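Participant: Input: one structure, supplied below.
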Amino acid sequence: MYQDKKEQLKKLQLEMTKRLESLKKDLSRGYSSDSEEQALERENDEVAEDLRGETEQELIQINEALSRIEKGEYGICKSCGNTINPKRLEVLPYSTLCINCAEAVA
């Protein structure tokens, strides 16, 4: 039923996995011996750490959405049990809440 969403989520999963690998690689490199350059590198590392955390969270949500598809629970609001608007799922394919419940949480 949600084969197109499954494919979309699989593509996102691959994209996020590649991004995560790239961020981990960037974060594992050494620092320059120049102190000014080190300061910039450390600032960049803070940004990369934030991006890594966000990417990890998005990957978790994608994996959970794929699991919901397999269980036949995809597209159903976890809060109220109503159907999530397909337009919302188009924009945020790993959404777990309908727009009303999402707005209530925000």
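Participant: Give me the one-decimal Kirkwood hydrodynamic radius in Å for the chain, with the sum taken over alpha-carbon pairs.
Facilitator: Kirkwood radius, the chain: 15.8 Å.
Participant: Another question, if that's okay. When the helix-only estimate is applied to the chain (DSSP H runs of n ≥ 4, each -39,500 (n - 2.57), divided by the residue count), what is the mean residue ellipticity at 222 nm, nearest 500 deg cm²/dmol?
Facilitator: -24500 deg cm²/dmol
Participant: What is the calculated FRET efficiency for Ala102 to Lys18, with r their C-beta to C-beta distance and R₀ = 30 Å, to the nearest 0.05?
Facilitator: For Ala102 and Lys18, the calculated efficiency is 0.60.
Participant: Express in whole angstrom the spacing between the alpha-carbon centres of the stretch 65-106 and the stretch 43-61.
Facilitator: Answer, in whole Å: 23.
Participant: Within the stretch 1-74, what is the number of lysine pairs with alpha carbons under 26 Å apart, leaving out pairs fewer than eight places apart on the same chain?
Facilitator: For the stretch 1-74, qualifying lysine pairs total 11.
Participant: Taking θ as phi - 60°, what are the ³J(HN,Hα) couplings along the stretch 93-105 by the Karplus curve (6.51, -1.76, 1.60), each to the nearest whole Hz, with x for Gly and Pro?
Facilitator: In residue order, the calculated couplings are x, 9, 4, 10, 10, 5, 4, 5, 5, 5, 5, 5, 6 Hz.
Participant: Considering amide H positions built from the backbone, and no H for Pro or chain starts, which residues 5 or more places from Tyr74, or on another chain, come under 5 Å of its amide H?
Facilitator: Ile69
Participant: Angle check, please: helix 35-71 long axis (alpha carbons) against the longest principal axis of the chain (alpha carbons), in degrees 0 to 90, nearest 10.
Facilitator: 20 degrees
Computed from the coordinates by the stated procedures, all read-outs in this text should not be read as laboratory data. Treat the numbers as computed from the prediction; the structure is a model and nothing was measured. FYI the Cβ positions are ideal-geometry reconstructions off the backbone, even for glycines, and counts take in every protein chain you see.
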